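*Asks:* Dropping the structure in here first, questions after.
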Amino acid sequence: MPDWKQVYRDVDRMDAKAFASIFAEDGTMTFGNMPPLVGRGAVEKGTADFFKAIKGLRHEFVKTWEQGDTAVLEFRATYHRHDGKTVTIPAVTIFRLQGNRVKDGRVFYDPTPIFA
């Protein structure tokens, strides 16, 4: 399993390339109810595009579960908006691995407050 705390340190640095590097070449990532990003390149581009919409972010882990090829990460994500406001929302990410790479990732959260 990847070191999830390091993965989210990369995310909190808004490093889309580092985040995408944990994915299999044909891996998928789905954020909320958005269409899946398919392939490592699409994960990197989609993540980088999201990062442009915010000023910064920070994840605080609540609990993690790992079993077999699956990791479930519960956290509170604090987003710093371009207008200077900060919003914290709960989220859960499920990662399914294939070998040592993410084959499928899914973030369950309501991003509405980030853009309200």
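The values are calculated or read from the model by the stated rules, or taken from the named source; none is laboratory data. All values reported here derive from a predicted model rather than from experimental measurement. Neighbour counts run over all protein chains shown; Cβ positions are idealised from the backbone, glycine included. The area values use the complete protein model at the heavy-atom level, side chains included, leaving out ligands, DNA and RNA. Shrake-Rupley method; radii C 1.70, N 1.55, O 1.52, S 1.80 Å.
*Asks:* Order the following by accessible area, largest value first: Met14, Met1, Met29. Probe radius 1.4 Å; ligands, DNA and RNA are ignored.
*Replies:* Met1, Met14, Met29
*Asks:* Right, another one. When the dipole is taken about the Cα centre of segment 67-116, and only Lys, Arg (+1) and Asp, Glu (-1) are charged at their Cβ, what size is it in debye, to the nearest 20?
*Replies:* Values: 7 positive and 5 negative charges, 21 e Å.
The calculation lands at about 100 debye.
*Asks:* For the chain, what does the relative contact order come out to in percent, with C-alpha contacts under 8 Å and a separation of six or more? Please report the intermediate quantities before stating the final value.
*Replies:* Working: 219 pairs, mean separation 28.5, N = 116.
Relative contact order comes out at 25 percent.
*Asks:* Ignoring any ligand, DNA or RNA, what whole percent of the accessible area of the chain comes from carbon and sulfur when the probe is 1.4 angstrom? Mind dumping the intermediate values first?
*Replies:* Numbers: 3490 of 6500 Å².
The value for the chain is 54 percent carbon and sulfur by accessible area.
*Asks:* Which length gain, in nm to one decimal place, applies between Phe115 and Ile54 when the Cα-Cα distance is subtracted from 0.36 nm times their residue separation? Numbers along the way, then the final one.
*Replies:* Numbers: separation 61, 0.36 × 61 = 21.96 nm, distance 0.89 nm.
Net length gain for the segment: 21.1 nm.
*Asks:* Once the Cβ-Cβ distance between Asn33 and Glu74 is put in as r, and R0 is 25 Å, what FRET efficiency do you end up with, to the nearest 0.05? Can you show the working numbers first?
*Replies:* On the way: r = 19 Å, r/R0 = 0.77.
My answer for the efficiency is 0.85.
*Asks:* Leaving ligands, DNA and RNA out of it, work out the accessible area of Arg13 with a 1.4 Å probe and give it in Å² to the nearest 10.
*Replies:* 140 Å²
*Asks:* Still on this structure, please answer the following. Could you give the dipole magnitude of segment 33-116 about its Cα centre, charging the beta-carbon of Lys and Arg +1 and that of Asp and Glu -1, in debye to the nearest 20?
*Replies:* Numbers: 13 positive and 9 negative charges, 41 e Å.
With only Lys, Arg, Asp and Glu charged at Cβ, the dipole is about 200 debye.
*Asks:* Then there is this: When only the heavy atoms of the protein chains count and the probe is 1.4 Å, how do Glu44, Glu25 rank by accessible area, highest first? Walk me through the numbers on the way to the answer.
*Replies:* Numbers: Glu44 60, Glu25 120 Å².
In descending accessible area the options line up as Glu25, Glu44.
*Asks:* Shifting gears a bit: If you take Kirkwood radius over Cα pairs in Å from the coordinates, which of [x] 15.7; [y] 14.8; [z] 14.2 do you get?
*Replies:* [z]
*Asks:* Taking only Cα atoms, what is the 0 to 90° angle, nearest 10, from helix 40-52's long axis to the longest principal axis of the chain?
*Replies:* Helix 40-52 and the main axis of the chain meet at about 10 degrees.
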